[in-house]
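Undergrad: This structure is in structure tokens; I'll ask about it shortly.
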Amino acid sequence: MINIPKGTKDVLPDQSYKWQYVENAAREVSRVYALREVRTPTFEYTELFNRGVGETTDVVGKEMYTFEDKGGRSITLKPEGTAGVARTFIENGLASSPMPLKTFYITPAFRYERPQAGRLREFHQFGIEIFGSSAPQTDAEVIFAASSFLKKLGVKARLEINSIGCKTCRSEYNKTLKNYFAPHLEQMCETCKTRFEKNPLRMLDCKEDNCKKIALSAPRITDCLCEECSAHFKNVKNLLDGQGLQYTVNPFIVRGLDYYTRTVFEFVSDEIGAQGTVCGGGRYDGLIEQLGGSSLPAIGFAAGIERLLIVMENTGAHFPEADKPLIYIAGMDEETRSKAFSVAAELRQKGIIAEIDHMSRSVKAQLKYADKLGAKYVAVIGGDELANGGVNLKNMSDGTQCAVKFGDIYTYLTKGE
Ligand code: HAM
């Protein structure tokens, strides 16, 4: 017996309708926000993530599925969606298309993490990326798109936002942080000591109790933003206020990936335990240039589909039922089974979910099976039916029957549908 790899999950046939429901909601939100789908490969050259996501991040430093292919190239399974979309944007010259370019994707992603509830090694993201606009309206729009997606699914999550500034004010802030942390460094964890050298901002994200306590009194980035970043953040907040979208400013939201600038945000649920962030995103105005493209602003988010499903299941969310056959057509012998086959084929051609016997069951067993499937109508074709050119259609919910010619079954089934 070969088991499923650790940290991965099967989606079984009786569960997949939940996934489709979430994915359909993602597509519907994307449609009304005029986002168009983009699909990028499951694997990329490792260099893309080293440069894009950042070598000091846990994702690149510890969690990537990296291997050498048979041609000796270093390949990595994508740990997130943004870097691949940014690459395709540059590679395909999309900067010359009308701006902004608004995209979305639904993709698997891979991170070698310690699995726990809501944390997998293969997981799935619905993400959006908008290129070309630096306007605060775009930040607000992206946050609204995330919020309406969650609302559509009935997922309650609090919105936390922050601004981590631009290259200029961040490097000043990093110096301020270093000054603050320097006298405490001895008492801090090894990760914080490394981050002190490489990326002090990330020290604010440490989960160790003692480090957290020290970070609590650190200078706040929101007090150290340059004039432009400060005005931008104020505008974003005004736009959210204007629409009555509730949020808190959390100066400890710094995000785990290096490409962010200015606005960052997370939607957090209390329903999953430690892994409560169901959606995270922000601006990344430097990434396109860093990957070899022109200097172009961008912003986006990604929501974890598995985490959303956990929240929805824990809160008893309503998932519309999976589709069931509208009609089950039973046959008795070779000739009538063959008729059932052709009637079903014709109905299927017209878009009706029709089912027939595949197991050589008796009529009684077929009817039992049809009931298990939840078929709305059942028709039994015997010798008389063949001779008469029609069947009795039985409505399984109220037991009523109606004689219908073979050629009229489609019209009968669809008249009240
Ligand atoms: P992220 O915060 O790393 O951001 O991931 C986004 C979401 O993916 C998380 O909020 C979470 O719901 C889900 N997620 C992350 N890791 C796991 C895991 N191991 N198991 C299950 N779910 C997980 C990004 O990936 C950015 N690319 C988002 C973005 C797009 N920023 C701008 N554009």
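The values are calculated or read from the model by the stated rules, or taken from the named source; none is laboratory data. Just so it is clear, the model here is predicted, and its values are computed rather than measured. All Cβ positions, glycine included, derive from the backbone under ideal geometry; neighbour counts span all protein chains shown.
Undergrad: Report, by residue number, each residue of segment 255-265 that is near the ligand (Cβ under 8 Å from one of its atoms) and among the charged types (D, E, K, R).
TA: Scanning segment 255-265 gives a single hit, Arg255.
Undergrad: When you look at Glu91, is it within 9 Å of the ligand (Cβ to nearest atom) and surrounded by fewer than 19 Cβ atoms within 10 Å (Cβ to Cβ), yes or no?
TA: Answer is no for this residue.
Undergrad: Shifting gears a bit: Give Val278, Val268, Val363 a once-over and let me know the one that is out of contact with any helix residue (DSSP H, G or I) (no Cβ under 7 Å at 6 or more places or on another chain) and within 16 Å of the ligand (Cβ to nearest atom).
TA: Residue meeting the stated conditions: Val268.
Undergrad: If you don't mind, another one. Which of the residues belonging to segment 163-192 are under 34 Å from the mean Cα position of the chain (by Cα) and over 29 Å from Val236 (Cα atoms)?
TA: Cys189, Glu190, Thr191, Cys192, listed by residue number.
Undergrad: Still on this structure: Please go through (1) touching a residue at least 60 places away in the same chain (Cβ under 8 Å); (2) farther than 17 Å from Gly407 by Cα; (3) touching a strand residue (DSSP E or B) at 6+ places or on another chain (Cβ under 8 Å) for Met332 and return the number of the only condition it doesn't satisfy.
TA: Every condition holds for Met332 apart from (1).
Undergrad: Quick check on this structure: which one of Ala140, Ala109, Ala135, Ala117 is out of contact with any Leu (no Cβ under 6 Å at 6 or more places or on another chain) and closer than 24 Å to Asn235 by Cβ?
TA: Criteria check complete, one pass: Ala135.
Undergrad: Sticking with this one: Looking only at segment 281-293, which residues are surrounded by 18 or more Cβ atoms within 10 Å (Cβ to Cβ), in a helix (DSSP H, G or I) and away from the ligand (no atom under 12 Å from the Cβ)?
TA: Ile288
Undergrad: Out of segment 371-417, which residues are assigned to a loop (DSSP other than H, G, I, E, B), within 40 Å of the chain's Cα centre (by Cα) and closer than 19 Å to Phe341 by Cβ?
TA: Within segment 371-417, Ala375 is the sole residue that qualifies.
Undergrad: I'm checking my understanding of the structure. Among residues of segment 211-254 that are part of a loop (DSSP other than H, G, I, E, B) and over 22 Å from Asn179 (Cα atoms), which one is nearest to the ligand (Cβ to nearest atom)?
TA: Among them, the one singled out is Tyr247.
Undergrad: Please determine whether any residue of segment 319-327 is surrounded by fewer than 20 Cβ atoms within 10 Å (Cβ to Cβ) and either of a type in the set (Gly, Ala, Ser) or within 16 Å of the ligand (Cβ to nearest atom) (or both).
TA: Yes, segment 319-327 contains a residue that is surrounded by fewer than 20 Cβ atoms within 10 Å (Cβ to Cβ) and either of a type in the set (Gly, Ala, Ser) or within 16 Å of the ligand (Cβ to nearest atom) (or both).
Undergrad: Would you check if there is a residue in segment 149-161 being in contact (Cβ under 8 Å) with a residue 60 or more places away in the chain and closer than 26 Å to Phe89 by Cα?
TA: yes
Undergrad: For segment 70-88, what are the residues that are within 16 Å of the ligand (Cβ to nearest atom), within 15 Å of Glu47 (Cβ to Cβ) and assigned to a loop (DSSP other than H, G, I, E, B)?
TA: Within segment 70-88, Lys78, Pro79 meet the criteria.
Undergrad: Before we move on, is Glu346 closer than 22 Å to Gly399 by Cβ, more than 16 Å from the ligand (Cβ to nearest atom) and not in a loop (DSSP other than H, G, I, E, B)?
TA: The answer is no for Glu346.
Undergrad: Which ones in segment 142-168 are within 21 Å of Tyr21 (Cα to Cα) and either touching a Cys at 6+ places or on another chain (Cβ under 6 Å) or aromatic (Phe, Trp, Tyr) (or both)?
TA: Scanning segment 142-168 gives Phe144, Ala146, Phe149.
Undergrad: Against the definition (without any contact (Cβ under 8 Å) to a residue 60 or more places away in the chain, surrounded by fewer than 19 Cβ atoms within 10 Å (Cβ to Cβ) and out of contact with any Asp or Glu (no Cβ under 7 Å at 6 or more places or on another chain)), how does Glu63 come out, yes or no?
TA: Judged against the criteria, Glu63 is not a match.
Undergrad: Next up: Are any residues in segment 335-353 closer than 18 Å to Asp408 by Cβ and touching a residue at least 24 places away in the same chain (Cβ under 8 Å), and if so, which ones?
TA: If the condition is that a residue be closer than 18 Å to Asp408 by Cβ and touching a residue at least 24 places away in the same chain (Cβ under 8 Å), then Lys339, Ala340, Val343, Glu346, Leu347, Lys350, Ile352 are the ones that fit.
Undergrad: Here are some conditions: (1) at pLDDT 95 or above; (2) at positive phi. Gly293 meets all but one. Which one does it not meet?
TA: Gly293 satisfies every listed condition except (2).
Undergrad: Here's a follow-up. In segment 124-146, is there at least one residue being under 23 Å from Glu227 (Cβ atoms), acidic (Asp, Glu) and crowded, with 19+ Cβ neighbours inside 10 Å?
TA: For segment 124-146, residues under 23 Å from Glu227 (Cβ atoms), acidic (Asp, Glu) and crowded, with 19+ Cβ neighbours inside 10 Å: present.
Undergrad: Could you please give the count of residues in segment 9-61 that are under 16 Å from Ala109 (Cβ atoms), over 15 Å from the mean Cα position of the chain (by Cα), in a helix (DSSP H, G or I) and of a type in the set (D, E, K, R)?
TA: 1
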